[in-house]
1. Among the listed pairs 17/145; 70/175; 61/82; 135/163, which are separated by more than 19 Å between their Cα atoms?
2. Quote the relative contact order of the chain in percent (integer), defining contacts as alpha-carbon pairs under 8 Å separated by 6+ residues.
3. Summing Lys, Arg as +1 and Asp, Glu as -1, what charge do residues with Cβ under 13 Å from the Cβ of residue 83 carry, residue 83 excluded?
4. Expected output is a single nm value to one decimal: the length gained when fully extending between residue 97 and residue 70, i.e. 0.36 nm times separation in residues minus the C-alpha distance. What is it?
5. Can you compute the modelled spin-label distance between residue 160 and residue 115, with each label point 7 Å from Cα toward Cβ, in nm?
6. If we count every other residue with Cβ under 11 angstrom of residue 167's Cβ, Lys/Arg +1 and Asp/Glu -1, where does the sum land?
7. How many percent of DSSP beta bridges within the chain run antiparallel, rounded to 5?
8. What is the sum of charges, Lys and Arg at +1 and Asp and Glu at -1, for the other residues whose Cβ falls under 11 Å from the Cβ of residue 136?
Amino acid sequence: MNDLVRPVLTPPDGQRKVLLHSCCAPCSGEVMEAMLASGIDYTIFFYNPNIHPEREYLLRKDENIRFADKHGVPFVDADYDKDNWFARAKGMEWEPERGIRCTMCFDMRFERTALYAHEHGFPVMTSSLGISRWKNMAQINDCGKRAAAPYDGLSYWEYNWRKGGGAARMIEISKREEFYQQEYCGCVYSLRDTNIHRRNQGRSPVVLGENYYREASENKDG
């Protein structure tokens, strides 16, 4: 890793304190190191009640904690209120990926992130979700801005973490750290649809906790 190729990042309004919503270690690794390289004071906020089953949730959270501890970054472990998530997803069980269920999911996670930012004096919030090529960046940014809007003095940082080699560094960091390599977005409906797709391709279903990034591995999700 060569930090000299990184741009100097400047959060909105020149602020230096940021609350980073993190979905997992592979997605947040590059975001975390990029902000550290720019001297930004940030805290990880892990609120992802969409991730199921609980074993998968714990695998992803523990990897994120491990990486945060390595860099001395504060880590806020928020509630795993999965019942609330399922209640909000009711009626959307068969919606496609990137559809209204995902909008609901981003809204829910960002609303809690924005509330924490407001209550704890963070002027800026952002998320690692947008670095994934599997996500719709415009959809994520819209949800982030909507969540921050009710709070005076709080901005959502729309930075494109994929640009300037960020997407490639995300994979490099994941391989270097040998992060757990999740194979579906996170929710049970994503797992269901992933397994349907795999079955149609003659592949075996997802096995939780099996795959980790290695130097020779390729990205399946993130």
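Bear in mind that the values in this text are calculations on the coordinates, not laboratory data. This is a predicted model, so every value here is computed, not measured. FYI the Cβ positions are ideal-geometry reconstructions off the backbone, even for glycines, and counts take in every protein chain you see.
1. On the way: 17/145 17 Å; 70/175 16 Å; 61/82 15 Å; 135/163 14 Å.
Distance filter (> 19 Å) returns an empty set.
2. Details: 329 pairs, mean separation 55.9, N = 222.
Normalised by residue count, the contact order of the chain is 25 percent.
3. Values: positive: 82, 88, 90; negative: 54, 79, 81.
That works out to 0.
4. Values: separation 27, 0.36 × 27 = 9.72 nm, distance 3.31 nm.
Length gained between residue 97 and residue 70: 6.4 nm.
5. 3.4 nm
6. Numbers: positive: 133, 162, 163, 169; negative: 30, 172.
Residues near residue 167 contribute +2 overall.
7. Working: 1 of 15 bridges.
Within the chain, antiparallel bridges account for around 5 percent of the total.
8. Values: positive: 98, 133, 135; negative: 97, 142.
It works out to a net charge of +1.
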